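Heads up: the structure comes next, in structure tokens.
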Amino acid sequence: MSRWIGLGALVAVALVSAVALGPAHVALGDLASSEIVRSLRVPRALLALLVGGSLGVAGASLQALVRNPLADPFLLGLSGGAGLGAVLAIALHVAGPWALPLAAFAGALGAMALVYRLGLVGGAQLDPRVLLLAGVAVGAFSGAITTAIVSLAEAADLRNAFLWLWGGLSGASWDTVLVMAVYIPVPLVVLYAAARPLDLLALGEEPATHLGADVEPLKRRVYIAASLLTAAAVAVSGVIGFVGLIVPHITRLVWGHRHRALLPAAFLGGGALLLFADTAARVVVAPRELPVGIVTALVGVPLFAVLLRRWAGVRS
Amino acid sequence: MRGLLLASVLALGCRPADRPATPPSAHRIVSLAPSSTELLFALGAGDQVVGRTTWCRYPPAALQVPDVGDGLNPNIEAIAARQPDLVVLYRSPLNETAATQLGRLGIPAVTLAQDRLEDIARAARELGRLTGREAAGDSIGAVMEALLGTPAPAPIARVAFVVWDNPPMVIGGGSYLDQLATLAGGANVFHDLGAASATVSIETIVARNPDLILVLSDSTAPPAYSTRREWRAVRAVREGRFITLPADLFGRPSPTAPAAVAALRRALEGATRR
């Protein structure tokens, strides 16, 4: 129980600091009435929580699905697909305020469909190893097309598209928060409902089948739900690395391998990490801003190293 | 070792000892930056230009010159095929390497800084000398120096150049656009950023509260992001106070800078009177 209180407190501190701190000076007493806080900081903080949480849960589920600790939400080709979609939209001068996120989302879904299809090459069963290989292959292929377009087209705009892809929450508004808040509960519930069978899957597909898990539909559901979460995250905030890789491992060190506890913890942990990282990205070099993906790596990796050492110390 | 070599090349400036000497007057010039192409045409040396980059589109006559590809990471073979007696490159570490490579092929190459208005004055004189048009080069140089020597007028509007919306990128004090704005009576609210451009938070733009947003665009329509809710927190966006600057006049530091300053001045006056 105290672990949950600690995590809840961490999220609360992360939310409060994300709203209270920023490059513009807003006095503490004016926080509630400030336009900057109301229309920029609060939606951005909520979006960080939702995106970080989605990446944490997607990462934890995919690591269980492919039984590989290196799996992260972007390993399965989605970032490559999203990047291709975004760069195509810019190269073809698709206009409109939502063109970039929609194109990135479409690209991510395209990559997801392609990887899924390739994952079925061995027959009707989704082979996690083939899925991983297909993800890497689709990612590399779409990355190559993206680079080809960028090197042939006008430089400045597309370099900016790459910056967008490296991740950032500057597109946050009440609109994006609303879209995410309506969208992500469905995949989240699907994954949470699969928590118990995911525990069994960790034992291996055959033992899981013997213990009563319906392995094939389970794998498909988990793959599609985790990918849908990732596609939405990449559409609203680009590719934010390390959250989906490191948060599931950290939460596993504290909460163990039961997904019923692990998935909610990964959501809150991912949200807290991204909140802290984004606050740092906005404040540390103000008035300039860092790409948030750099900060998640700078914050997440040392944290992970410390926990890994403690964990190794407990085991030996 | 490589870094040392590169550093010494940079220290020596335009023409290190291992590169062939430039001819007294070049007749076959490949120009690998939009600003040097424009300068060569302005000097009256347009008919001596035998190669340009894909992005050199001004003046329109430049489009008649064969395209040799990119100016950054240039295609050495395509350049050599034009049999130039002078190659003009934009100055960057990668292009110093390209200049050395060209030198090994016996092709003289110079690299010119082309980032600020004072660079254009220097480049005009240098290119004038290299093309045997010293008088024209000195005259453009003098015009640019006179422009830079004019005391800046009292600011009549606070402006921000927003060049990209996600992540938001603005022009800082290191850019020629900041110089143009200052000369036209626009105070760039991001002048304190030393870099030519920088990523900032929308929040910072809201806090600095520019009167006008300047947009580099050939279309006069407001930019697509102006209808996005997070951008409407910026007063100038909410009030639709945009000035669009056409690429021909504002897209690079150029000898037409006096005309750009005058055009921007008129636009600022028009917008503040509104």
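Of the residues making up the range A:295-311, not a single one is β-branched (Val, Ile, Thr) and assigned to a loop (DSSP other than H, G, I, E, B). All of A:Trp255, A:Trp166 fail the test of being closer than 28 Å to A:Ala305 by Cα and within 14 Å of another protein chain (Cβ to nearest Cβ), apart from A:Trp166.
Within the range B:183-191, identify whether any single residue is under 24 Å from B:Asp119 (Cα atoms), within 11 Å of chain A (Cβ to nearest Cβ) and surrounded by 20 or more Cβ atoms within 10 Å (Cβ to Cβ), and answer yes or no. Taking every residue of the range B:183-191 in turn, at least one turns out to be under 24 Å from B:Asp119 (Cα atoms), within 11 Å of chain A (Cβ to nearest Cβ) and surrounded by 20 or more Cβ atoms within 10 Å (Cβ to Cβ). Of all residues assigned to the range A:42-52, at least one qualifies as being within 11 Å of chain B (Cβ to nearest Cβ), of a type outside the set (Lys, Arg), closer than 19 Å to B:Asp165 by Cα and within 15 Å of the chain's Cα centre (by Cα). Here is the figure for the range A:237-260: residues that are more than 9 Å from the chain's Cα centre (by Cα), surrounded by fewer than 24 Cβ atoms within 10 Å (Cβ to Cβ) and closer than 21 Å to A:Val295 by Cα total 2.
Residues checked against (1) within 14 Å of chain A (Cβ to nearest Cβ); (2) of a type in the set (Lys, Arg); (3) farther than 21 Å from B:Asp119 by Cα:
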residue	(1), (2), (3)
B:Thr227	yes, no, yes
B:Trp231	yes, no, yes
B:Arg235	yes, yes, yes
B:Arg241	no, yes, yes
B:Phe250	yes, no, no
B:Ala257	no, no, no
B:Ala260	no, no, no
B:Leu268	no, no, yes
B:Arg273	no, yes, yes
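All told, B:Leu117 meets the bar of being at pLDDT 90 or above and not assigned by TED's automatic domain parsing to the domain that holds B:Asp248.
In the set (1) touching a residue at least 40 places away in the same chain (Cβ under 8 Å); (2) hydrophobic (A, V, I, L, M, F, W, C); (3) in a helix (DSSP H, G or I); (4) over 17 Å from A:Leu198 (Cβ atoms), the condition left unmet by A:Ala266 is number (4).
Can you confirm whether the range A:13-24 contains a residue that is outside the structural domain of A:Leu268 (by TED's automatic domain parsing) and either closer than 16 Å to A:Leu229 by Cβ or modelled with pLDDT of 90 or more (or both)? No, there is no match, as no residue in the range A:13-24 is outside the structural domain of A:Leu268 (by TED's automatic domain parsing) and either closer than 16 Å to A:Leu229 by Cβ or modelled with pLDDT of 90 or more (or both).
For every residue, the table says whether it meets (1) assigned to a loop (DSSP other than H, G, I, E, B); (2) aromatic (Phe, Trp, Tyr); (3) at pLDDT 95 or above; (4) assigned by TED's automatic domain parsing to the domain that holds B:Gly251.
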{"position": "B:Asp138", "(1), (2), (3), (4)": "no, no, yes, no"}
{"position": "B:Val163", "(1), (2), (3), (4)": "no, no, no, yes"}
{"position": "B:Gln179", "(1), (2), (3), (4)": "no, no, yes, yes"}
{"position": "B:Ala187", "(1), (2), (3), (4)": "no, no, yes, yes"}
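Results for (1) more than 21 Å from A:Leu178 (Cα to Cα); (2) outside any helix (DSSP H, G or I); (3) among the acidic types (Asp, Glu), shown as yes or no for each residue.
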site	(1), (2), (3)
A:Val42	no, no, no
A:Leu46	no, no, no
A:Ser61	yes, no, no
A:Ala64	yes, no, no
A:Leu75	yes, yes, no
A:Ser79	yes, no, no
A:Ala86	yes, no, no
A:Val94	yes, yes, no
A:Pro101	no, no, no
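Within the range B:200-220, residues that are under 12 Å from B:Ala160 (Cα atoms) and more than 10 Å from chain A (Cβ to nearest Cβ) have Cβ atoms under 9 Å from residues that are of a type in the set (S, T, N, Q) and surrounded by fewer than 24 Cβ atoms within 10 Å (Cβ to Cβ) in these pairs: B:Asp211/B:Thr272; B:Leu212/B:Thr272; B:Ile213/B:Ser226; B:Leu214/B:Thr244; B:Val215/B:Thr244, counting only partners at least 6 apart in sequence or on another chain.
Checked against the criterion of being over 17 Å from A:Arg3 (Cα atoms), within 14 Å of chain B (Cβ to nearest Cβ), surrounded by fewer than 22 Cβ atoms within 10 Å (Cβ to Cβ) and touching a Pro at 6+ places or on another chain (Cβ under 6 Å), the candidates A:Ala286, A:Ala280 yield just one match: A:Ala286. Output the residue which, of all residues in the range B:118-161 that are acidic (Asp, Glu) and in contact (Cβ under 8 Å) with a residue 24 or more places away in the chain, is surrounded by the most Cβ atoms within 10 Å (Cβ to Cβ). It comes out as B:Glu126. Checked against the criteria, A:Ala18 does not count as among the small types (Gly, Ala, Ser), buried (at least 22 other Cβ atoms within 10 Å of the Cβ) and under 30 Å from A:Asp199 (Cα atoms). A:Ile250 - would you say it is out of contact with any Ser or Thr (no Cβ under 9 Å at 6 or more places or on another chain), within 14 Å of another protein chain (Cβ to nearest Cβ), part of a helix (DSSP H, G or I) and among the aliphatic types (A, V, I, L, M)? The answer is no for A:Ile250.
Take the conditions surrounded by fewer than 24 Cβ atoms within 10 Å (Cβ to Cβ) and away from every other protein chain (no Cβ under 14 Å) and apply them to A:Leu75. Does it pass? Yes: the conditions hold for A:Leu75.
The set of residues in the range A:183-213 being surrounded by fewer than 16 Cβ atoms within 10 Å (Cβ to Cβ), more than 15 Å from the chain's Cα centre (by Cα) and under 18 Å from A:Ile224 (Cβ atoms) consists of A:Val186, A:Val189, A:Ala193.
The values are calculated or read from the model by the stated rules, or taken from the named source; none is laboratory data. Note that the structure is a prediction, hence the values are computed from the model and not measured. Cβ coordinates were reconstructed from backbone atoms using ideal geometry, including for glycine residues, and neighbour counts include every protein chain displayed.
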